[in-house]
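Following: one structure in structure tokens, then a few remarks.
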Amino acid sequence: MTYTVNCSILLTELPLLERPAAAKAAGFDAVEFWWPFESSVPSDAQVAEFENAITDAGVQLTGLNFNAGNMPGGDRGLVSWMGRESEFKDNIEVVAGIGERLGCRAFNALYGNRQDDSTPEEQDDLAARNLAAAAEGVARIGGTVLLEPVSGAPRYPLLTAEDALKVIARVKAEAGVGNIKLLADFYHLAVNGDDVESVIKNHAKDFGHIQIADNPGRGAPGTGTLPLGEWIARSRELGYGGYIGLEYKEPQETAFSWAIRQRVSQ
């Protein structure tokens, strides 16, 4: 199984730049991150520090989020956020540059919460334009934009796979871009009541990425009741060939105990 460790939600006891090396020490060769900077356009020095942390650890960066705003404060993306269009578009070039230098080709664009000062239709029109711009921006390096249904954010409008797939279909039809795909986070889909087995059956071959956490609690695999192993195996059978993102909450000491047990049992 090819796992990639999300170092924005795991290993958080450590400073961010130390987490890639910790993932490597735990036996993993790949990592992914939410946007690791405070602004859409960090300084060259900040970018270099981040890139060096990845390369010095000897791991592959497999996924990177576009700037999603203040995530701890409740923001969930700039894609549909009226008034922050230029900020998002400036971020595209930075994201593509990091991806080009580190060999990362998957980029998660969180859609954004509904805002009180604009209509859903206005936000959706902006999102379609921004997603098209993002897809065009990373196409030059062979990149793919990912769109993700999310749970736990009351004002976030994409809750099911179908919600995201409708947006993807719109962007493809209006802009003619093909490099935008669904990010299937099995935890979010399950919590939101989606039929995960059906989503896998109908769309696994077209998934851009898979992420996992167990439910309840968004903990490590095996701490809840979701059949994550079965869902992953079924996705593989139906054509998904990418990484499995580990995006769950677990203390560093026990973060990967389940994986150790799995390797021993195999």
| Tally of residues being touching a helix residue (DSSP H, G or I) at 6+ places or on another chain (Cβ under 9 Å), farther than 30 Å from residue 101 by Cβ and open to solvent by 50 Å² or more (accessible area, probe 1.4 Å) across segment 135-162 | 3
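Mind checking which residues of segment 22-48 are of a type in the set (Gly, Ala, Ser), assigned to a loop (DSSP other than H, G, I, E, B) and crowded, with 20+ Cβ neighbours inside 10 Å? Don't jump to the end; show me each part of the working.
The initial filter retains those residues of segment 22-48 that are of a type in the set (Gly, Ala, Ser), namely 22-23, 25-27, 30, 39-40, 43, 45, 48.
Imposing the further condition that a residue be assigned to a loop (DSSP other than H, G, I, E, B) reduces the set to 26-27, 39-40, 43.
Matches in segment 22-48: 40 only.
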| field | Condition met for residue 219 (at pLDDT 95 or above and on the phi < 0 side of the Ramachandran plot) | value | yes
| remark: For segment 226-249 the number of residues that are open to solvent by 50 Å² or more (accessible area, probe 1.4 Å) and in contact (Cβ under 8 Å) with a residue 40 or more places away in the chain is 2
| field | Scope segment 193-225; condition surrounded by 17 or more Cβ atoms within 10 Å (Cβ to Cβ) and farther than 24 Å from residue 33 by Cβ; matching residues | value | 194, 196, 199, 200, 203, 204, 224
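From the list 106, 128, 132, pick out the single residue that is open to solvent by less than 60 Å² (accessible area, probe 1.4 Å) and farther than 14 Å from residue 174 by Cβ.
Working: 128 fails: farther than 14 Å from residue 174 by Cβ; 132 fails: farther than 14 Å from residue 174 by Cβ.
So the residue among 106, 128, 132 that is open to solvent by less than 60 Å² (accessible area, probe 1.4 Å) and farther than 14 Å from residue 174 by Cβ is 106.
The values are calculated or read from the model by the stated rules, or taken from the named source; none is laboratory data. In this text, all values refer to a predicted model and were calculated from it rather than measured experimentally. Reconstructed Cβ throughout: ideal geometry from the backbone, glycine too, with neighbour counts over all protein chains shown. All accessible areas refer to the heavy atoms of the entire protein, side chains included, with ligands and DNA or RNA removed. Shrake-Rupley method; radii C 1.70, N 1.55, O 1.52, S 1.80 Å.
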